[in-house]
1. Residue B:439 versus residue B:58, label points 7 Å from Cα toward the beta carbon: distance in nm?
2. Restricting to DSSP loop positions (anything but H, G, I, E, B) with no more than 13 other Cβ atoms inside 10 Å of their own Cβ, which GluC sites (Glu not before Pro) remain in the stretch B:136-221?
3. Please work out the Cα center distance from the stretch B:324-384 to the stretch B:23-53, rounded to the nearest Å.
4. Given chain B, what percent of its DSSP beta bridges are antiparallel, to the nearest 5?
5. Rolling a 1.4 angstrom probe over the protein heavy atoms, how many square angstrom per residue are accessible across chain B?
6. Counting only protein heavy atoms and a 1.4 Å probe, tell me what percentage of the protein assembly as shown's accessible area is made up of carbon and sulfur.
7. Just in the stretch A:27-136: which GluC sites (Glu not before Pro) are loop by DSSP and have at most 11 other Cβ atoms within 10 Å?
8. Taking the Cα centre of the stretch A:3-134 as origin, sum charge times position over the Cβ atoms of Lys and Arg (+1) and Asp and Glu (-1), and report the length of that vector in debye to the nearest 20.
Amino acid sequence: MRAGVTAAIAELREQFAQLPLHIYPSPCGGAHVLIEDIPLDAPFAQETTWVGFFLSNACPEDDTYPFWVRPDLSFADGRALSPPIHGGNHFPAADTPGLPQRPAVMISRRQRNQSVWIQESPLLKLLSVMKWMTER
Amino acid sequence: MKTRCELRMPRSMYEELAAHLFPGDGDEHGAVIQAGLLQTRSGPVLTARSLVLAEEGKDWVPGNRGYRMLLAPFIAKQARLCRDEKLVYLAVHNHGGNDSVAFSSVDIESHERGFPALLDLVEGMPVGSLVFAPNAVAGDIWFPGGERLTLDRLVVVGAKRKILRPRPERMAVGDAGRFDRQVRLFGVEGQAILAGSRVAIIGLGGVGSLLVELLARLGVGQFVLVDPDRVDPTNVPRLVDATSWDAMAWLVDKRRPEWLRKLGRRLATKKVDLSRRVIRRANRKACVERHFSVMEKPEVAEAIKDCDYIFLAADGHRARRLFNALVHQYLIPGVQMGTRIQVDPETGAVIDVHTTTRPVTPAKGCMLCNQAVSQARLRDESISQEMRAGQRYVDEDDSPAPSVITLNALSASQAADDFLFYITGLVNDDAFGGTIQGRPLKRTLRFVDPRRGKGCPDCGSGGRLARGDNARLPLIE
């Protein structure tokens, strides 16, 4: 794995030290990351979810997206999921040795602030996406 | 080969230093420069990162042995900063004269007395001294381990290049006769500068291929060519000197079996080889270093270190990200070129066509500050096609963008001209330094002034600017 990917994983491990965190290195120097049992508060019907994403070999220069979560994700008040939350997807997006594809909901939040170059670590991006989800 | 030692300095810093050293009082003044260190194949390059002017009477006082000196507490403070930041400590003062300058015997004695202790203080980094005249500079640089080098030249990098040396250099006339018509514009000195210059061209497609032709015929002496591709039949209309034979068109034809097409693709001419052929036809004496690879290789970055200019003619945002870092970290000016053609996917109507020539220097035109590098595009380029397809939620077109030789020629020609007037120092001081966009649909040109963001990791003072080897380049392991 590239140095930037290793550093990002170390930061994720520190933040989610209490949760199961699995790494699946890719041949190009990146890695798939799968974190289980992340708490999900309101407005979702589920209490926890797994979160999966891919760290490319450009990490941390690139934007980390999309994120994938449990396939049965639903709002507690019965609202339908709407973009950028997309049902009917799979994680990982392509065949990956050792990591069978599983049904998933995809959250495709790109970094929108283009006015300045912000190097946002994958951890910060994940936390900001989780925060955004709970504000839906 | 003699080890050369070069100092690169942004123009804004040089102007501030020159105003401090030569305010018109005919007196001596002092300063300290903190510089990055870059080890190249031809020798060390120092990259001036910050300038600290010595205050008259406080930091710069009458000397005990010489006329003036920097006070010890000032020296120690700047040297400690160099130790902490892994920078080279350079003491600066000026002498009289104009086009030549040298250290006095008192200067040399003070180096021999003081530099061994200073080397201990900065812990592993070189220390040195520079003495300036208005049009000259001499340097005495001490390296850990005992090596001691004189400075060969100072390159002032900005919209206009200026070279300072200890004394005027005799220019070899060389091929002045052959280049007679252009020598009438920029003189034999200009032709010698071109012959002595080394440029990198990243991407040898439609724009890069034309650049190769233009620069080779101008008489540029050394080329670093970088491209991972071979000639394809669809390239032939845009690549200088390319033929169907280079593309192995008869083998890669769709009617052939796949194994034959695969063989044809393997036998097609590499774009770096095609460009070398073009250069050799124009100028037999030119040196060509070829890299049949993407830009993100340590050996490519190594080859670029001692270039005078970088031309970015590749499409990708990974290349843009690395190019921008190289310009700022190594203080090598460059230019990014491209063409954008927008076609309505429904109707096929042409919506917009524009060509871009964007100068990028350590002082102006940073591609991060000007939103010319997209982190989303970086992401897309860094994952497999299969992954892109798997995470796509709207139909996006992966087919190649339109490309036309005449449009490529607009940006290639502008970039080659910009380089010519920069490297020969002929460009006006007040010349427009921003991006020039051609709008062929309207037959207009647009002049775009670049922005400068705060806290930028490339051009900001807290980032990689002039760090030399002491910062990791993005995307390279």
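The values are calculated or read from the model by the stated rules, or taken from the named source; none is laboratory data. Just so we're clear, the structure is a prediction, and the values are computed from it rather than from any experiment. Positions of Cβ are generated from backbone atoms using ideal geometry, with glycine treated the same way; all protein chains shown enter the neighbour counts. The protein model used for the area step is the full one, side chains on, heavy atoms only, and it has no ligands, DNA or RNA in it. Shrake-Rupley method; radii C 1.70, N 1.55, O 1.52, S 1.80 Å.
1. Here the modelled spin labels are 5.1 nm apart.
2. On the way: sites: B:147, B:169, B:189, B:213; in loops: B:147, B:169.
Of the GluC sites (Glu not before Pro), the ones in loops of the stretch B:136-221 whose Cβ has at most 13 other Cβ atoms within 10 Å are B:147, B:169.
3. Between the Cα centres of the stretch B:324-384 and the stretch B:23-53 lies a distance of 32 Å.
4. Details: 51 of 84 bridges.
About 60 percent, rounded to the nearest 5.
5. Numbers: 21900 Å² over 477 residues.
The answer is 46 Å² per residue.
6. Numbers: 14320 of 28010 Å².
That fraction is 51 percent.
7. Details: sites: A:36, A:47, A:61, A:120, A:135; in loops: A:47, A:61, A:120, A:135.
For GluC sites (Glu not before Pro) across the stretch A:27-136 that sit outside H, G, I, E and B with at most 11 neighbouring Cβ atoms in 10 Å, the list reads A:47, A:135.
8. Numbers: 9 positive and 13 negative charges, 54 e Å.
That gives the stretch A:3-134 a dipole magnitude of about 260 debye.
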